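Comments concern the structure below.
The values are calculated or read from the model by the stated rules, or taken from the named source; none is laboratory data. Given the structure is predicted, the values throughout are model-derived calculations rather than measurements. Cβ placement follows ideal geometry from the backbone for every residue including glycine, while neighbour counts extend to all protein chains displayed.
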Amino acid sequence: MILNKPYSLVEIKKLTPTVSSFVFRAQDGTAIDFTPGMFAMVTYRNASTGETIARAFSIANSPPSDHLEFVIALIHGRFTSKLETAKEGDVYTVSAPYGQFRFDIKSSGKFLFLAGGTGIAPFMSMLRYAKQLNADIDTSMIYSTKFANELIYKGELEDYAKAHKFKMEITVTRPQQGDGWTGLTGHVNADMIAKCTPDFKERVSYICGPPAFVKALKEALASLGVEEKDIKAEMWGE
Ligand SMILES: Cc1cc2nc3c(=O)[nH]c(=O)nc-3n(C[C@H](O)[C@H](O)[C@H](O)COP(=O)(O)OP(=O)(O)OC[C@H]3O[C@@H](n4cnc5c(N)ncnc54)[C@H](O)[C@@H]3O)c2cc1C
């Protein structure tokens, strides 16, 4: 059963100029179980006005846990502007888990992850879970960001790649002069998928990012002959 419960904000970390991670811990200390890929509903309540705002956030840590980590783009919207001034100890109401974007670790040992921006969040949960289980999976990921300084969890992903069957390609869609970026550039497309992951047809594909990213990559996979049943997707933002 899903319950609304009070969670305390226990850690805030600035990951990039526009993205921070927020860790909430259940005040009653109980752990919740979820499948990596799922999301939580987080509700802010202004005690003086009674105003409430609820938003969905993908869970970035692995289950089961009494804490939930979220990777949030601070876009100055209704909810995220509250987070910009949030501090440790603040209490939010959280309910979880929700969603159909679920990492079916048993369905196949081979995966293709396509992440756009903060769409990396559910993949962090999946990879952390696989590491926790010491699962023998083979994952290929293409991670796309607008700017080179917006890469999230790069070090952790590189460490994961050293010890597991994990191949990661990063592409920057808006490289800037002087940003030091020497890797792939441009949007992920069918050609990039086929070059980076020639055995893509043997993999179950998971896509997470903004709607245009998810739409383009569903079409790209379809054009490569990947069947719909082998594609799972989650999207948000613009
Ligand atoms: C299943 C699910 C999982 C989600 N997981 C995450 C997550 O892990 N991390 C995360 O940061 N967000 C996530 N979101 C988006 C989140 O729920 C909010 O929509 C987002 O934080 C903006 O809320 P807001 O109230 O600040 O903006 P609002 O005041 O509601 O919106 C302001 C405007 O910004 C647009 N907008 C919303 N998101 C973005 C964005 N990322 N970039 C640019 N414009 C945007 C809106 O379309 C709107 O026009 C998820 C959404 C869903 C449905």
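Remarks
- Take the conditions (1) over 24 Å from K229 (Cα atoms); (2) touching a residue at least 24 places away in the same chain (Cβ under 8 Å); (3) of a type in the set (G, A, S); G183 misses just one of them, which is (2).
- Members of region 85-115 that are surrounded by 14 or more Cβ atoms within 10 Å (Cβ to Cβ), on the phi < 0 side of the Ramachandran plot and near the ligand (Cβ under 10 Å from one of its atoms): Y98, F101
- Selection over region 201-234 of residues that are within 16 Å of the ligand (Cβ to nearest atom) and farther than 18 Å from D104 by Cα gives a count of 7.
- For region 39-53, filtering for residues that are surrounded by fewer than 22 Cβ atoms within 10 Å (Cβ to Cβ) and under 19 Å from the mean Cα position of the chain (by Cα) leaves 1.
- Per the listing K195, K167, the residue uniquely modelled with pLDDT of 95 or more, over 21 Å from A121 (Cβ atoms) and not hydroxyl-bearing (S, T, Y) is K195.
- So S81, is it at pLDDT 95 or above, surrounded by 19 or more Cβ atoms within 10 Å (Cβ to Cβ) and not assigned by TED's automatic domain parsing to the domain that holds I207: no
- Selected residue (criterion: surrounded by the most Cβ atoms within 10 Å (Cβ to Cβ)) from residues of region 62-78 that are closer than 13 Å to A96 by Cα and more than 9 Å from the ligand (Cβ to nearest atom): L68
- Residue pairs meeting the criteria (Cβ under 6 Å; at least 6 apart or on separate chains; first in the same structural domain as K13 (by TED's automatic domain parsing), in region 45-63; second more than 14 Å from the ligand (Cβ to nearest atom) and assigned to a loop (DSSP other than H, G, I, E, B)): P63/D33
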